[in-house]
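For reference, the structure is listed below as structure tokens.
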Amino acid sequence: MCQGPLISGTHLISIPTYTCISQVDYYRMCVLPLLKKLLPVGEVELKIHRRGVGRDGCGEVVFSCPVVRKMRPVQMTEEGKVRRVRGVAYTVRANPSMANRMVDSARSVLNKFLPDVYIYTDIVRGAEAGKSPGYGLTLVSESTEGMMHAADGSSHSKQFSVSTSGVVPPTPMLPEDIGRQTALLLIEEIVRGGCTDSGCQVIALLFMALGQKDVSKIQLGELTPYTVQFLRHLRDFFQVTYKVDCREELLDSVTRQVITLSCVGVGFSNFSRGIL
């Protein structure tokens with residue numbers, strides 16, 4: 001439990017990684033809007049002080065969030081229609097043209113479906129950049145009901161490979177491949193449906209379990225294996241079980257699963273007190 005509001009912010013510094021961990025823009029543009037819908041009061045903010053990618057990392061962000069005494073019930077059952085796509089293409093200690101190449105590649109895919117696509121570029125150099133060069137792209141779609149779906153990719157999105165000489169870092173992806181792949185991943189998330197994307201499913205379900213002793217309900221797309229295991233953990237630790245209503249829906253000749261989950265929260269309250 002928090003002993004006080006994070007008014008001054010918590011500084012988080014990245015560690016070296018080559019795994020498929022989401023980019024910081026994913027959390028800023030997709031996860032934070034969801035938290036603002038779920039939290040009863042206060043402003044949640046994530047500021048990027050330094051971007052870090054690849055081998056040496058050294059990125060830094062500041063996360064600010066107020067203390068919340070109680071969680072309110074979650075009611076998110078209207079998905080809406082996609083009305084616009086926004087994104088960020090960034091480069092860190094790399095040629096600025098890489099960002100434009102990612103933007104052009106992503107737009108060539110997305111503009112076939114809707115015209116309102118805007119991707120701005122963030123060219124990072126000097127003290128605002130980490131120690132390793134790299135580039136990446138984050139795309140977020142917003143529906144008429146304010147629901148977000150997101151996808152991202154970077155030059156270091158691939159996993160490690162193993163050779164006779166040991167573990168070998170992955171070869172950076174081309175900007176055109178990143179733009180096209182990220183756009184296709186976003187379309188996949190939109191087709192999957194739901195009031196959150198696959199990466200945020202567990203966040204919404206956790207807030208439902210911690211909510212007041214009232215019924216919470218959310219509509220999701222097909223559950224990921226991670227979400228299924230997370231539901232088992234909620235059952236084991238909080239004794240919270242979810243009612244699952246699953247149906248199939250036809251969307252432009254594509255059949256998809258629409259899952260509505262509902263539960264009664266445990267009534268969790270933050271009883272933390274300041275240190276005397």
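Dipole size of segment 34-115 about its Cα centre, with +1 on Lys/Arg Cβ and -1 on Asp/Glu Cβ: approximately 140 debye, rounded to the nearest 20. Scaling the Cα radius of gyration of segment 58-158 by the globular reference 2.2 N^0.38 Å produces a ratio of 1.34.
The listed residues Ile123, Ile203 rank as Ile123, Ile203 when sorted by accessible area, largest first, using a 1.4 Å probe. Separation of segment 193-257 and segment 132-156, taken as the distance between their Cα centroids, equals 22 angstrom.
If packing is taken as the average count of other Cβ atoms within 10 Å, what order do 228-241, 188-201, 57-70 fall into, highest mean first?
188-201, 57-70, 228-241
Applying 1/(1 + (r/R0)^6) with R0 = 41 Å to the Cβ-Cβ distance of Thr260 and Phe113, what FRET efficiency is obtained, to the nearest 0.05? My answer for the efficiency is 0.95. Distance distribution P(r), segment 170-276, all Cα-Cα pairs, bin width 10 angstrom from 0: 13, 35, 25, 17, 8, 1, 0 percent.
The values are calculated or read from the model by the stated rules, or taken from the named source; none is laboratory data. In this text, all values refer to a predicted model and were calculated from it rather than measured experimentally. So basically every Cβ, Gly included, is an ideal-geometry build from the backbone, and we count neighbours across all protein chains shown. Surface accessibility is based on the protein's heavy atoms, side chains included, excluding ligands, DNA and RNA. Shrake-Rupley method; radii C 1.70, N 1.55, O 1.52, S 1.80 Å.
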